[in-house]
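Data first, discussion second: the structure below is written as structure tokens.
The values are calculated or read from the model by the stated rules, or taken from the named source; none is laboratory data. A quick note: this is a predicted structure, and the numbers were derived from the prediction, not measured. Glycine also receives a Cβ, built like all others from the backbone with ideal geometry; neighbour counts cover every protein chain displayed. Note: accessible area is taken over every heavy atom of the protein model, side chains too, but ligands, DNA and RNA are not part of it. Shrake-Rupley method; radii C 1.70, N 1.55, O 1.52, S 1.80 Å.
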Amino acid sequence: MAAAMTGRGAAFIRNISGGLLSRLQVVGGGPQQLSCLHTSASLESKNWERKNKQVYPPQLTDEPPRPAEVHHCRRQIKYSKDKMWYLAKMIRGMSIDEAIAQLEFNDKKGAKIMKEVLLEAQEMAVKNHNVEYKSNLYVAESFSSKGQYLKRIRYHGRGMLGIMDKVYCHYFVKLVEGSPPKTVEKTSFDQAKEYVQSLKNRTIIHSL
């Protein structure tokens, strides 16, 4: 009886694996990743650079020229995403030359990495996106996200141990052609008024 159950279980597993393999086959005969499988991390990391391949329709003669946009990133950086976020927020909205100058005089490890990414994006803008002047760019978006977290054992005295994380992060940047837009400085009173107005505009469900 046990042998029969084992045989039926093995056949069931073979049928499932064969069906899944047939779903992963494409027309050309190679495997591909399906959206039904849990591949959200790898798909999200690829979508950022895919924006460089976006094709826009032709513009009319009376329309203003569309500024060039460059999306660039670096993944799996051996650095904390929270430490990287402070640096990413600092250069957001700056021109490319000002951002590189600010990172040049910052002694943090993440600043050196961000400077390399900005220089790579600047070179891509001139080489691949027909930007005439490499200084005519500004940082439109700059943020970090969580990368791979590896759990490792940290040994303590008296035969005890703890769990530590080896953290990684991703850094994303978007450069836009032109001069940076002017930011309107808001006082604390204006920010408080906006916050109170947002509370008044919210919808509370299941209320009178």
**Report entry** Selected residue (criterion: nearest to LYS109 (Cα to Cα)) from residues of region 51-82 that are part of a loop (DSSP other than H, G, I, E, B) and touching a residue at least 24 places away in the same chain (Cβ under 8 Å)
**Finding:** TYR79
Requested in this report: Could you tell me whether any residue of region 129-136 is on the phi > 0 side of the Ramachandran plot and among the polar types (S, T, N, Q)?
Outcome: yes
Query raised in the report: Just a yes or no: is a residue in region 108-124 assigned to a loop (DSSP other than H, G, I, E, B), at pLDDT 95 or above and open to solvent by 30 Å² or more (accessible area, probe 1.4 Å)?
Result: yes
Query raised in the report: If we scan region 67-83, do we find a residue that is surrounded by 12 or more Cβ atoms within 10 Å (Cβ to Cβ), in contact with a strand residue (DSSP E or B) (Cβ under 9 Å, 6 or more places away or on another chain), closer than 25 Å to PRO181 by Cβ and among the aromatic types (Phe, Trp, Tyr)?
Result: no
Query raised in the report: Which residues, counting only those in region 190-208, are open to solvent by 80 Å² or more (accessible area, probe 1.4 Å) and assigned to a helix (DSSP H, G or I)?
Result: GLN191, LYS193, GLU194, TYR195, GLN197, LYS200, ASN201
Query raised in the report: List pairs: first in region 169-189 and in a loop (DSSP other than H, G, I, E, B), second open to solvent by 10 Å² or more (accessible area, probe 1.4 Å), Cβ under 6 Å, 6+ apart or cross-chain?
Result: GLY178/PRO67; PRO180/GLY93; PRO180/SER95; PRO180/TYR138
Query raised in the report: In region 89-107, which residues are more than 21 Å from LYS134 (Cβ to Cβ) and either open to solvent by less than 90 Å² (accessible area, probe 1.4 Å) or not in a helix (DSSP H, G or I) (or both)?
Result: MET90, ASN106, ASP107
Query raised in the report: Limited to region 127-163, what total is found for residues that are without any contact (Cβ under 8 Å) to a residue 24 or more places away in the chain and more than 24 Å from LEU87 (Cβ to Cβ)?
Result: 16
